[in-house]
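Single-structure report; data block below.
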Amino acid sequence: MDCWNGFKGSLWKSEVNVRDFIQENYTPYEGDEAFLALPTTATTGLTKKVSALLELEREHNGVYDVDTETISSITSHKPGYIDANLEKIVGLQTDEPLKRAVFPKSSLGSLEDALVHYGYSLNPKMKEIYSKYIKTHNEGVKAAYTPDIRRACESGLITGLPENYGRGRHIGDYRRVALYGLDYLITQKESEFALLEPGEMTNEIIQQREELSDQIRSLNEFGIMCDSYGFDISKPAKTAQEAVQFIYFAILAAAKQHDGVTISLGRTSTFLDIYIERDLKNNVITEDEAQELIDHFIMKLRLFRFLRSPEYNELFSGDPTWITESLGGMGVDGRTMVTKTSFRYLHTLYNLGVGPEPNLTILWSERLPDPWKEYSAKVSIDTSSIQYENDDLMRPEYGDDYAISGCVGALELGKATQHFGARINMPKALLYAINGGRDEKTGIQVTPRFEPITSEYLDFEEVMDKFLQVQKWLAGIYVQAVNIIHYMHDKYAYESFQMSLHDLQIKRYETFGIAGLSIAVDSLMAIKNAKVKVIRNTQGIAVDFEISGNYIPFGNSDETTDRTAAELTRTFYRFISTHKMYRNAKPTMSILTITSNIVYGKMTGATPCGRPADAPFSPGANPMNGRDTNGSVASLSSVSEIPYGCACDGISYTFAIAPPALGKEAAARQSNLVSLLDGYFTPNGGQHLNVNVFDKSLLVDAMEHPEKYPHLTIRVSGYAVNFIKLTKEQQLDVISRTVNDSI
Amino acid sequence: MEKGPILGKIHSFESFGTVDGPGLRFVVFMQGCAFRCLYCHNPDTFEMDKASYELTPLEVLQRMQKFLPYYRRGGITVSGGEPMLQPRFIKELFEICKGEGIHTAIDTAGISLSEDVRDVLNYTDLVLLDLKCIDPEIHLILTDKPLEPTLDFAKYLAEKEIPTWIRYVLVPGMTDRDDLIEKHAEFVAGLKNVVKVEVLPFHKLGEKKYETLGIEYKLKDVKPPSQERIDNAKNIYKSKGIVVN
């Protein structure tokens with residue numbers, strides 16, 4: 001076939017196997033960034049137009065416009081452009097850039113809240129249809145929830161469940177569209193459908209058949225969408241431009257069908273590099289044009305928008321879309337997966353200016369080529385827009401064609417998905433153990449009744465005994481809630497397009513999470529090694545604690561404290577694992593908070609570690625601010641003791657440092673950051689690291705004069721965000737966490 | 001000779017040392033100092049008997065062992081206080097570090113050349129030498145100690161060809177004088193083992209500690225040097241062919 005001219009290998013030609021295609025054809029790059037090209041005039045022109053639109057968006061309270069009349073679908077909107085004459089890669093979610101679409105099938109209530117908040121109203125017809133005739137995902141969930149689940153959610157013991165927004169987390173293998181073309185993919189799915197006719201029509205088979213036929217339908221709709229832009233995608237991509245365009249169309253279709261909380265891109269740079277290399281070799285394009293394609297692609301991804309309710313924005317601040325792209329890493333055969341296009345992706349942060357999306361994630365290995373390590377560190381220091389994850393830790397589990405889904409957890413591309421289950425508030429669970437299951441803020445009995453602790457000083461054994469009981473009960477209702485959500489999500493809001501770019505039989509992970517791990521650990525250490533006196537209110541509920549004596553907090557590489565953190569993680573994971581998961585998923589967990597560490601703090605009373613009521617949690621798995629007094633390496637070392645096997649969905653550490661504290665001059669800073677990453681990401685080391693490099697004074701100025709810093713980007717637990725889009729409390733929290741002094 | 005393991009009197013540890021030698025380093029701050037530099041930002045390390053830790057060299061190594069993957073481009077730096085007040089401890093610490101392939105650096109004011117001190121230097125990859133002022137009288141006012149031993153120390157390092165970084169703290173009204181910097185630079189230019197000079201602008205980050213300790217802070221009214229003065233000092237070193245940053 002013409003489209004595959006010059007490509008080697010055969011396995012990928014006889015089955016859908018993108019990994020095999022990559023391994024047979026990619027060119028590892030071990031050189032430096034000197035080859036990179038500046039933006040073309042078309043890129044600069046488009047950037048100017050986009051900047052003006054973003055300015056308008058800021059002026060409109062963060063939402064440029066909403067199409068309230070049209071329910072979003074793959075084919076719902078006519079083509080839209082920024083400037084059709086300049087765009088090398090085309091396609092928008094609606095007919096205008098930044099104009100948001102509506103997705104009523106997740107939750108009508110949340111949609112209406114969002115519309116009203118931004119000064120729009122819900123179309124009455126839409127309201128009638130989705131309240132009278134069509135059930136939403138949220139209605140389904142509410143119908144099946146138990147009173148225990150409802151109380152646990154209302155009290156903030158479990159928070160952020162995807163019960164009224166799209167669950168996200170699937171990664172369609174968008175590369176398949178470019179490599180195989182639509183005709184082949186549809187034929188494949190049709191033959192799978194024909195084969196799926198066993199003797200017994202079990203619930204499972206019926207569900208799978210319905211899903212498969214929905215997948216085929218959405219692939220056909222996808223063809224219509226591309227056709228409306230004047231592209232025939234029935235055959236494989238013939239050029240680099242087509243390959244980029246087809247991948248972009250595919251993720252665009254996913255974003256038009258669903259408003260999932262994350263919409264990861266996958267691992268596309270090394271794949272696309274093969275097409276770019278072929279075109280460069282055949283003189284079809286120049287380096288300038290190659291960079292232009294990537295620049296325009298990334299620019300488009302940056303324009304993705306979803307309409308979110310104020311309640312959602314509290315948990316996931318700053319309008320994130322989690323278009324996570326995983327870069328670099330090593331192949332199982334020992335060759336680096338870094339290509340010139342990996343560099344081109346990072347280079348967009350200079351050519352387009354700094355921006356939080358896509359969520360650029362570098363898969364780190366000590367064996368990565370040095371020039372790539374140095375360039376990554378340079379980009380990090382210049383932009384604070386990159387996150388890093390341990391490829392040597394994940395590769396043994398997921399192979400070399402996995403990508404990060406959403407925030408920090410890995411998924412095998414096209415072969416696996418996740419049932420996202422947000423997180424529980426572990427410090428609150430500990431307080432419930434002390435208070436007999438009554439909420440420390442409201443006094444409401446949330447767990448089944450049991451005897452509270454009544455002694456003046458807390459006894460470690462007694463607290464532990466009750467804490468385990470609460471965890472056991474909590475794990476049970478938590479699994480119930482997540483199972484219900486995904487049952488209903490599949491039933492009422494199935495993401496048929498994304499799933500059409502997966503194999504027939506996929507692995508499923510059900511992901512649970514812990515927030516406030518370090519607070520729970522510090523509290524246990526305080527109870528064990530210091531003396532903790534309980535202050536109770538008139539209802540007998542512990543509302544404050546007085547600590548005398550010392551304990552060593554999490555984050556100082558203390559063996560006993562670190563072991564306590566590991567044990568707590570392991571124990572809760574065991575409680576979770578005893579339950580049956582929806583669709584026989586494999587349970588896993590994350591230690592991650594997103595920006596909800598602030599909200600969690602507000603919902604949680606004083607804790608035995610000395611944290612006052614309402615004070616923020618630390619983000620992700622971070623030690624509590626100011627308690628890690630032996631330097632950042634000791635702090636990172638503690639976090640890397642959290643067992644990855646129990647938390648494969650990610651253990652997030654957010655690191656912020658002022659430039660002078662990182663090193664005296666630019667070269668030293670770069671080298672020290674590389675050392676930090678090499679040290680943290682040993683084969684049994686840490687899993688995830690956000691890197692922020694900025695002066696506190698800059699952030700303080702940005703708080704006071706946001707208009708001067710429209711593009712200032714920082715990393716928070718799990719994503720990157722425009723600093724000025726955070727709430728004031730979140731901004732202050734970020735500032736307080738920056739390491740400023742050099743010793 | 002004392003019996004039993006040597007215990008080091010230690011003030012504190014920093015696992016993320018980025019400014020005391022090349023690369024990322026584990027920094028051990030020793031307790032005790034003979035100098036009383038007016039601008040010292042660690043006055044809490046002055047008194048030898050106020051150590052937070054008393055540890056054997058092996059115990060110190062164990063504290064950094066877990067972190068070794070971070071220090072492949074760096075190593076260990078012993079600072080203080082004045083580490084050369086505890087040379088036998090440092091020698092043993094560096095000896096076992098060298099056995100583990102760890103790069104060793106010592107941040108010292110070069111107070112003596114006793115046999116024990118020379119032993120330490122046999123296991124030292126890099127010396128960060130604080131040569132605080134080239135004028136003997138100002139040196140005495142600034143540090144409360146004579147200049148001569150430090151000059152002897154510097155010459156000994158040159159003779160032994162031990163790689164050295166010279167540190168010069170730029171204090172307005174005291175060390176920030178062109179003639180003093182010129183002379184300092186001339187002396188340094190004669191030492192072939194010097195890799196570079198670090199010009200460290202005076203800062204007041206330690207002022208609070210003086211209050212807490214009840215020690216008078218004599219540089220209250222001195223301001224940090226301007227960027228121009230910093231560049232001026234650097235240029236003087238550069239003009240003598242010395243690498244500076």
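The values are calculated or read from the model by the stated rules, or taken from the named source; none is laboratory data. These figures come from a predicted structure and were not determined experimentally. Positions of Cβ are backbone-derived with ideal geometry, glycine not excepted, and every protein chain shown enters the neighbour counts.
Here are the numbers for the structure shown:
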{"quantity": "Of all residues making up the stretch A:77-106, the number that are assigned to a loop (DSSP other than H, G, I, E, B), among the β-branched types (Val, Ile, Thr) and within 30 Å of residue A:140 (Cα to Cα)", "calculated": "1"}
{"quantity": "Subset of the stretch A:426-472 that is among the small types (Gly, Ala, Ser) and out of contact with any helix residue (DSSP H, G or I) (no Cβ under 6 Å at 6 or more places or on another chain) - its residue that is farthest from residue A:528 (Cα to Cα)", "calculated": "A:443"}
{"quantity": "Residue in the stretch A:632-640 that is in contact with a strand residue (DSSP E or B) (Cβ under 9 Å, 6 or more places away or on another chain), more than 9 Å from every other protein chain (Cβ to nearest Cβ) and not β-branched (Val, Ile, Thr) present", "calculated": "yes"}
{"quantity": "Scan of the stretch A:585-609 for residues that are assigned to a loop (DSSP other than H, G, I, E, B) and either charged (D, E, K, R) or within 14 Å of chain B (Cβ to nearest Cβ) (or both), ordered by number", "calculated": "none"}
{"quantity": "Verdict on residue A:534 being crowded, with 17+ Cβ neighbours inside 10 Å and part of a strand (DSSP E or B)", "calculated": "yes"}
{"quantity": "Unique residue being over 24 Å from residue A:593 (Cα atoms) and of a type in the set (Val, Ile, Thr) when the list is A:129, A:149", "calculated": "A:129"}
{"quantity": "Qualifying residue in the stretch A:167-184 (condition: closer than 30 Å to residue A:605 by Cα and not hydroxyl-bearing (Ser, Thr, Tyr))", "calculated": "yes"}
{"quantity": "Residue that is nearest to the chain's Cα centre (by Cα), among those in the stretch A:267-293 that are of a type in the set (A, V, I, L, M) and within 20 Å of residue A:30 (Cβ to Cβ)", "calculated": "A:272"}
{"quantity": "Any hit, the stretch A:23-37, residues being without any contact (Cβ under 8 Å) to a residue 60 or more places away in the chain and in a loop (DSSP other than H, G, I, E, B)", "calculated": "no"}
{"quantity": "Filter pass, residue A:605 being among the small types (Gly, Ala, Ser), crowded, with 18+ Cβ neighbours inside 10 Å and more than 24 Å from residue A:679 (Cα to Cα)", "calculated": "yes"}
{"quantity": "Where a residue in the stretch A:75-92 is among the charged types (D, E, K, R) and its partner, wherever it lies, is buried (at least 20 other Cβ atoms within 10 Å of the Cβ), with Cβ under 6 Å and at least six apart", "calculated": "A:88/A:292; A:88/A:293; A:88/A:296"}
{"quantity": "Any hit, the stretch B:174-188, residues being under 24 Å from residue B:127 (Cβ atoms), within 13 Å of chain A (Cβ to nearest Cβ) and in contact with a helix residue (DSSP H, G or I) (Cβ under 8 Å, 6 or more places away or on another chain)", "calculated": "no"}
{"quantity": "Of residues in the stretch B:14-42 being without any contact (Cβ under 8 Å) to a residue 60 or more places away in the chain and assigned to a loop (DSSP other than H, G, I, E, B), the one farthest from the other protein chains (Cβ to nearest Cβ)", "calculated": "B:32"}
{"quantity": "Counted residues, the stretch A:715-736 - those being small (Gly, Ala, Ser) and either in a helix (DSSP H, G or I) or farther than 19 Å from residue A:592 by Cβ (or both)", "calculated": "1"}
{"quantity": "Lone qualifier among B:143, B:175, B:124, B:164 - being touching a Phe, Trp or Tyr at 6+ places or on another chain (Cβ under 8 Å), under 21 Å from residue B:94 (Cα atoms) and of a type outside the set (A, V, I, L, M)", "calculated": "B:124"}
{"quantity": "Search result, residues across the stretch B:43-64 that are in contact (Cβ under 8 Å) with a residue 24 or more places away in the chain and among the polar types (S, T, N, Q)", "calculated": "B:45, B:52, B:56"}
{"quantity": "Tally of residues being away from every other protein chain (no Cβ under 14 Å), of a type in the set (Lys, Arg) and surrounded by 16 or more Cβ atoms within 10 Å (Cβ to Cβ) across the stretch B:201-245", "calculated": "2"}
{"quantity": "Test: residue A:689 is among the hydrophobic types (A, V, I, L, M, F, W, C), more than 10 Å from chain B (Cβ to nearest Cβ) and buried (at least 24 other Cβ atoms within 10 Å of the Cβ)", "calculated": "yes"}
{"quantity": "Of the criteria (1) modelled with pLDDT under 95; (2) out of contact with any Gly (no Cβ under 9 Å at 6 or more places or on another chain); (3) not charged (D, E, K, R), which one residue A:596 fails", "calculated": "(2)"}
{"quantity": "Within the stretch A:318-336, considering residues that are of a type in the set (S, T, N, Q) and surrounded by 24 or more Cβ atoms within 10 Å (Cβ to Cβ), the one farthest from residue A:98 (Cα to Cα)", "calculated": "A:326"}
{"quantity": "Among residues of the stretch A:384-407, those that are farther than 24 Å from residue A:498 by Cα, assigned to a loop (DSSP other than H, G, I, E, B) and of a type outside the set (Val, Ile, Thr), counted", "calculated": "2"}
{"quantity": "Residues that are touching a residue at least 60 places away in the same chain (Cβ under 8 Å) and within 22 Å of residue A:487 (Cβ to Cβ), drawn from the stretch A:504-526", "calculated": "A:504, A:506, A:507, A:508, A:509, A:510, A:511, A:512, A:513"}
{"quantity": "Filter pass, residue A:92 being surrounded by 20 or more Cβ atoms within 10 Å (Cβ to Cβ), among the hydrophobic types (A, V, I, L, M, F, W, C) and within 30 Å of residue A:121 (Cα to Cα)", "calculated": "yes"}
{"quantity": "Test set (1) part of a loop (DSSP other than H, G, I, E, B); (2) out of contact with any Pro (no Cβ under 8 Å at 6 or more places or on another chain); (3) in contact (Cβ under 8 Å) with a residue 40 or more places away in the chain - residue A:168 fails condition number", "calculated": "(2)"}
{"quantity": "Criterion violated by residue A:612 - all others in (1) of a type outside the set (A, V, I, L, M, F, W, C); (2) modelled with pLDDT of 95 or more; (3) surrounded by 19 or more Cβ atoms within 10 Å (Cβ to Cβ); (4) assigned to a loop (DSSP other than H, G, I, E, B) satisfied", "calculated": "(3)"}
{"quantity": "Every residue from the stretch B:62-96 that is more than 20 Å from the chain's Cα centre (by Cα) and away from every other protein chain (no Cβ under 14 Å)", "calculated": "B:96"}
{"quantity": "Whichever residue in the stretch A:655-672 is touching a residue at least 40 places away in the same chain (Cβ under 8 Å), more than 9 Å from chain B (Cβ to nearest Cβ) and in a helix (DSSP H, G or I) and, among such residues, is farthest from residue A:636 (Cα to Cα)", "calculated": "A:666"}
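Here's the yes/no breakdown for (1) under 15 Å from residue B:110 (Cα atoms); (2) at pLDDT 95 or above; (3) among the polar types (S, T, N, Q):
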| position | (1), (2), (3) |
| --- | --- |
| B:152 | yes, yes, no |
| B:167 | yes, yes, no |
| B:174 | no, no, no |
| B:192 | no, yes, no |
| B:207 | no, no, no |
